[in-house]
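These notes are about the structure you will find just below.
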Amino acid sequence: MLNTEVNFNIEDVPDDGKALSMVNYDPSLGQFVINPDALEVIRQLQNPIGVISVAGMYRTGKSYLLNRMLLNRSGGFSVGPSINPCTKGLWMWSKTIPAHTPQGKPLNVLIIDTEGIGATDEDQNHDNKIMTLAILLSSYFIFNSMGTIDESSIQSLSFIVNITKNIQQKNGSKDFAKYLPAFMWVIRDFSLQLKNREGNPITSKEYLEYSLEMQPGTSEFIVNKNQIRKMVKEYFPNRDCVTLVRPLLEEGNLQKLERTPASKLRKEFIEQVNYLRKTVLNSINPKKLNGQELNGDMFIDLIKSYVKMINEGAVPIIQTAWTYMRQNQAIAAKKNALENYKKKTEELINKFPMKEEFLRNVLKKIKKEIILNFNGEIIGEPEEKDLKELKSELKKLKYEIINKNINSTKTQTNRFLNENYKNIDEKVKNGEYLNIAEYKDDIEQFVQFCLNKCPCGPNRDIIIYEFIIQNIMNSSGLLAKCNMDEMEKMISDNSNNIDDLIKELKEEKEKEKKLNNDLNEITEKLNKLNQEKDKISSQNSNESNNLNKLMEEKNNEIIKLKNKLNQTEKICAEKIKEMKQKLEEAEKVSHQKELESTQISSDFQREKVLMEQKIIFLEKTLKDLEETKLRSNPYNTTSKKNKNDEMNIK
């Protein structure tokens, strides 16, 4: 629960804050300067924040009012007993105090004390600048004065009205009041009774409203007085007033007021201060600009903007301050958005490599979230320029991350390939592959293993195949030498087989030659027999039976010879067929090895040509043999002649 009771006997706690110079005038520079330490405190403020500033004539007890009423402590802002002003420029308390809005919502309140108006060492222009900053920076403005609300005190507000009038004219807004704070007039050492003209009791707020009523008359003096009243009502529609009696009856003790215990203070004064504290701490609105609640960074931008315009000799323009603040907030929001994007993507980078499509989808979701947060942090609707700049920066970061994923894929894939290719590489170097087929099987198994086990990422498969191609090229020399040795051995084996086949062919040719000789002998015998048969037929027909018998024997012999000849021919045909099959097999083996050994040396090519010439020679030899066999077969003509002879004999 909010504490609205003032404890006048409270002992100050060392670490509950301190007074900090916020904006001060530097004579050497001739301009106002902002204290960086104060800005750092403001930057840490938690939303929502309200700002109370207190102003008034110098040496009227503003600082004591702040210390006791708001800070609830004996010391705080500087308080002095002399006529010299203690507060120069704008000062702030380093810690906020808790308060509530009129709607009952909690907020943190920043307290600002201002340099007193009318100090002897400063001119009115300096006072105007201080008051301008106090009014423009606060959401609750307390004006502290002494005595009563008379014409003189109302006239003391004229410079405030003139300041706000100038600001309003420069901004060109008729609804200027919405930019100004709530107004609380605190009247110190008030000794009158609060009664109206009829003698009825009234509140201090009603007392303020009575004092601001228009005065009758049309003279210039009356018009000017009414103009001030009119502007106060117009610019500060949310206004209030609290009166405080003198805290002590003995005037001499007022110089020691800061150290005076509660028992010495008037009870009425304590009650009034408690009422003032309760009223103020439950009536503060958050500091806003164009309807936007300000955070610490925004409030800093507002301070910088107003101080910059005042130092340049210009009347502060609220819309200019708004633009300045908005631009700075856009820059801060963009910086925050980029930092959040990097933070979120760091988690992805730690999981690299990954599939590019998945990565792009995740980055798209992160970008959407970042832009949504950016739109929420920025003041008002985001400008197209700000959004375009943010998207451009996010796009650069996206491609940086994508490239990191590509590089990570390349690095980890190559590491995986090198570690798992060692066995194949050692077998190649040691000459363990007997043929290319074995190497090919291992490569195919290795590729499939990599596609299944190697980490996924963009262009991973390309990296794998490039690695395989490169290693095949590096191993081709060793594999070619190994394969050449194999082919030379095969050629040597095949050459021996061909020599054996040629030897067999020669043997078969000799057999065929011998068979032909036998056939010639048989033919000669047949001729002799025929001659003998003719001779016998012509000499003695009576010997026909003997001749028939003889012919039957001879025919049987001829049949036997024919059977032998057919059997020999069949054996020869089978041998020829077997030799053709062996030649075809040799040709197939030679052709297969030629396909697998595309990089063998020219010596192997010459051996191949020689083998083909041998095959052609062998085929030609076989063809000649078949032609010779056909030319040497007399069976058909002999058979026909024998039949005629048999008819003649009959």
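Listing for the model above:
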| read-out | value |
| --- | --- |
| Of all accessible heavy-atom area on the range 254-408, the percent that carbon and sulfur account for (1.4 Å) | 48 percent |
| At R0 = 51 Å, FRET efficiency that the Cβ-Cβ distance of K427 and I402 yields, to 0.05 | 0.85 |
| Highest average packing first - 466-478, 223-235, 137-149, Cβ atoms within 10 Å | 137-149, 223-235, 466-478 |
| Rounded FRET efficiency, nearest 0.05, which uses the C-beta distance separating K344 from A262 and R0 of 60 Å | 0.60 |
| For R73, residues with placed amide H under 5 Å, excluding near neighbours | R68 |
| Cα-based Lys pair tally, the range 181-258, threshold under 30 Å, eight or more apart or on separate chains | 8 |
| ³J(HN,Hα) computed for each position of the range 332-344 - Karplus, 6.51 cos²θ - 1.76 cosθ + 1.60, integer Hz, glycine/proline x | 5, 5, 5, 4, 5, 4, 5, 5, 5, 4, 5, 5, 5 |
| Label-point gap, in nm, between F449 and D16 - each point 7 angstrom along Cα→Cβ | 7.6 nm |
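The values are calculated or read from the model by the stated rules, or taken from the named source; none is laboratory data. Fair warning: this is a prediction, and the values are worked out from it, not measured in the lab. Because the Cβ atoms are built from the backbone with ideal geometry, glycine has one as well, and the counts that use them run over all protein chains shown. Just so you know, the surface numbers come from the protein's heavy atoms only, side chains and all, with ligands and any DNA or RNA stripped out. Shrake-Rupley method; radii C 1.70, N 1.55, O 1.52, S 1.80 Å.
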